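Peer 1: Submitted below is the structure of interest, expressed as structure tokens.
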Amino acid sequence: MTMSEGKYNIKAVSKKLGIQPGTLRAWERRYNIISPIRNEAGHRLYSEEHMSILKWLVQKTEQGFTISQAVELLESGEASADSRSIDMSMGQDRANMLADEILEALLAFDENKAQDLLNQAFSIFSIDKVVHDILAKLLVRVGDLWEEEKITIAHEHFTSAFLRSRIGMIFHTLPVDGYLPKVMTVCSPGEYHELGLLIFTLYLRRKGFEVIYLGSSIPETDIEVVVEDTDPKILFLSCTLMKNLPRCLDFVDTLDNKFPELTVGIGGPAIAQVDNEKRQAYESFCVGNVRDEWEIWIKDKLQKLTF
């Protein structure tokens, strides 16, 4: 029996850890901390890894942490450094190892193995952790390998198609909060690299935003038409390549002038390389490239929006 296989039913977990089954189910539903395996009858089965995570969380709540604080510690990787009672493989090291194994499988064009490994990641970690600590980092690594000519275009396309498919599967299962403003996400004109934008779009959907995802290679005039037809409150542009940056910034100016009620945000690797003079001019549009920066930008814009 491997570490990821189900071993304990919910009654056994409740007895071992001293946690009520209802509380356990509520933790799973609210925080997506683990995804127990289901047997043929549909009953939950917990692995040794799940038990380690739950035991650590229970210990933290007994020390005075709220469950949300404990989950934040776990997902930030501080659980591994803070406690000897949970195996290091259950923290960031485990996520990094799975990312390495998934990348190795994809570069060998072994889709079945990559699917199995990614399913294992989702059974151990929350959706947010898998997306940001595994999928997003894989995207960066594949891009770096391709730019360094260490992998072929075929490798890059195969890996990208796999990641795009899995992200899309998650995207369409997430609920929308009708009280949040409608958002549109699209690659900057001339830009074909969309996986970073997909990660960001998934982040928005996890926050509850209704997102119109347009993807790549959409002409400026078509984007304007969709803005007029759908009336989003926020539009995000992603620019990866430096050669597309001037066109991206020109389009930001166009949108800002033509749609004064539209809040425009820009992100992507190319934006991070804007020179200081232009950065000052476009500072209010820059969303950032990591989740903490996204949180700050969106919180600021939501406070200013009236909808």
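Taken together, the values in this text are just the output of simple stated rules run on the coordinates, not laboratory data. These numbers come from a predicted model, not from an experiment. Please note: Cβ atoms are built from the backbone with ideal geometry, for glycine as well, and neighbour counts cover all protein chains shown.
Peer 1: Once the other residues with Cβ under 12 Å from the Cβ of S68 are scored (Lys, Arg +1; Asp, Glu -1), what is the net sum?
Peer 2: Summing Lys and Arg as +1 and Asp and Glu as -1 gives 0.
Peer 1: Still on this structure: In whole Hz, with x marking every Gly and Pro, tabulate ³J(HN,Hα) for the stretch 39-45 from phi via Karplus 6.51 cos²θ - 1.76 cosθ + 1.60, θ = phi - 60°.
Peer 2: 7, 4, 8, x, 7, 5, 10
Peer 1: Now a separate question. Give a residue-ordered list of calculated ³J(HN,Hα) values for the stretch 239-249 (Karplus: 6.51 cos²θ - 1.76 cosθ + 1.60, θ = phi - 60°; whole Hz; x for Gly, Pro).
Peer 2: 10, 9, 9, 4, 5, 8, 5, x, 5, 4, 5
Peer 1: As a test of the formula, what do you get for the chain when each DSSP H run with n ≥ 4 contributes -39,500 (n - 2.57) and the sum is divided by the residue count, at 222 nm and rounded to the nearest 500 deg cm²/dmol?
Peer 2: -17000 deg cm²/dmol
Peer 1: A follow-up question, please. With each pseudo-label sitting 7 Å past Cα toward Cβ, what's the F65-I37 distance in nm, one decimal?
Peer 2: About 2.7 nm, to one decimal.
Peer 1: In whole Hz, with x marking every Gly and Pro, tabulate ³J(HN,Hα) for the stretch 183-194 from phi via Karplus 6.51 cos²θ - 1.76 cosθ + 1.60, θ = phi - 60°.
Peer 2: Couplings: 10, 10, 10, 7, 6, 4, x, x, 9, 10, 8, 10 Hz.
Peer 1: Between the stretch 209-262 and the stretch 93-108, what's the alpha-carbon centroid distance in Å?
Peer 2: The distance from the Cα centre of the stretch 209-262 to that of the stretch 93-108 comes to 34 Å.
Peer 1: Full extension from D253 to E210: what is 0.36 nm times the residue separation minus their Cα-Cα distance, to one decimal in nm?
Peer 2: Contour length minus the Cα-Cα distance gives 13.0 nm.
Peer 1: Just to verify a number: FRET efficiency for Q115 and A281, C-beta to C-beta distance, R0 = 45 Å, to 0.05?
Peer 2: With R0 = 45 Å, the Cβ-Cβ based efficiency is 0.50.
Peer 1: Let me ask something else about it. Where a ≥ b ≥ c are the square roots of the eigenvalues of the C-alpha gyration tensor, would you call the stretch 125-278 rounded, which needs a/c under 1.5, or, failing that, prolate if a/b is larger than b/c, or oblate?
Peer 2: oblate
Peer 1: At a 4.7 angstrom Cβ threshold, list every cysteine in the chain that has nobody to pair with, or say none.
Peer 2: Taking the Cβ cut-off of 4.7 Å, the unpaired cysteines of the chain are C187, C286.
Peer 1: Related question: Apply the a/c threshold of 1.5 to the C-alpha gyration tensor of the chain and tell me whether it is rounded, prolate or oblate.
Peer 2: Prolate.
Peer 1: For D128 paired with M97, estimate the spin-label separation in nm (one decimal), with each label point 7 Å from Cα along the Cα-to-Cβ line.
Peer 2: Inter-label distance under the simple model: 2.5 nm.
Peer 1: Under a 10 Å cutoff between Cα atoms, tell me which one of A12, A99, A136 has the largest fluctuation in the Gaussian network model of the chain.
Peer 2: Result for the chain, Cα springs under 10 Å: A12 fluctuates most.
Peer 1: Still on this structure, I have one more. Does anyone have the angle between helix 111-124 and the longest principal axis of the chain? Alpha-carbon axes, 0 to 90°, nearest 10?
Peer 2: Approximately 70 degrees, to the nearest ten.
Peer 1: Mind telling me which of P36, P260, P219 comes out most flexible in a GNM of the chain, alpha-carbon contacts under 10 Å?
Peer 2: Highest fluctuation of the listed residues: P260.
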